[in-house]
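Below is one structure, written out as structure tokens; comments come after it.
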Amino acid sequence: MKTLKATLMASALVLTAFASTSCKDGNKEKVTNSTQSEIQVKQGKQDAKALAVLNDYFNLKDALVNDDNSKAKTLGNTLAQSLKSFDESNYSDSEKMELKDIIEDATEHAEHISESDIKHQREHFKTLSKDVTDLVTITGTNTKLYEQFCPMYDGGTAWLSTKEEIRNPYYGSKMLKCGKVQREIN
């Protein structure tokens, strides 16, 4: 039993050391000039309401990157309203069903973000990011997006960005550059 405990303790120390060096960010810079993202829509399917959802998502992400709980609350509410006004009528029946589920789930998470502390906002942002990624899979975009991945947050978590440069919304200034580009979407 002592050997097992010692092995587990050693493993935990190695993982902790690896984690702190792989994602440690001595540079605690903030993302400044957080302006609304400019996303081009794919001709045909994606409309202005899908564009509004993406822009609101990226603005919310930037607020979390900047550790701005108050702004994230406001932007969570803005995103919830954009999601509620999303129009899936231009999509196939199967896409409509899938979009309805995505929108319902994403709206719930955006609403939680609008009333939570930053730790809880980040928990909901994880699922919200999955929902928005699923939405983009259906609606498409002409703008190159980057699915980025942080191995440290909650067993590994992804989010979308319009820029290749890593700015981690799950840790903000604590580990601003923790992550990697997992894939490009376009």
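The values are calculated or read from the model by the stated rules, or taken from the named source; none is laboratory data. In this text, all values refer to a predicted model and were calculated from it rather than measured experimentally. Positions of Cβ are backbone-derived with ideal geometry, glycine not excepted, and every protein chain shown enters the neighbour counts.
Which of (1) more than 15 Å from the chain's Cα centre (by Cα); (2) modelled with pLDDT of 50 or more is the odd one out, the single condition residue 65 does not satisfy?
Failing condition for residue 65: (1).
Based on what the data block shows, is residue 173 out of contact with any strand residue (DSSP E or B) (no Cβ under 9 Å at 6 or more places or on another chain) and not aromatic (Phe, Trp, Tyr)?
For residue 173, the condition - out of contact with any strand residue (DSSP E or B) (no Cβ under 9 Å at 6 or more places or on another chain) and not aromatic (Phe, Trp, Tyr) - is met.
Go through the residues of the range 176-186 one by one and say whether even a single one is in contact with a Phe, Trp or Tyr (Cβ under 7 Å, 6 or more places away or on another chain), β-branched (Val, Ile, Thr) and either surrounded by 18 or more Cβ atoms within 10 Å (Cβ to Cβ) or at pLDDT 95 or above (or both). Spell out how you get there, then give the answer.
Going residue by residue through the range 176-186, those that are in contact with a Phe, Trp or Tyr (Cβ under 7 Å, 6 or more places away or on another chain) are 178-182, 184.
Next, from what is left, pick out any that are β-branched (Val, Ile, Thr): 181.
Applying the additional criterion that residues be either surrounded by 18 or more Cβ atoms within 10 Å (Cβ to Cβ) or at pLDDT 95 or above (or both) yields 181.
Yes, the range 176-186 contains a residue that is in contact with a Phe, Trp or Tyr (Cβ under 7 Å, 6 or more places away or on another chain), β-branched (Val, Ile, Thr) and either surrounded by 18 or more Cβ atoms within 10 Å (Cβ to Cβ) or at pLDDT 95 or above (or both).
Quick check on this structure: which one of 131, 105 is of a type in the set (Asp, Glu) and surrounded by fewer than 19 Cβ atoms within 10 Å (Cβ to Cβ)?
One residue alone meets the criteria, 105.
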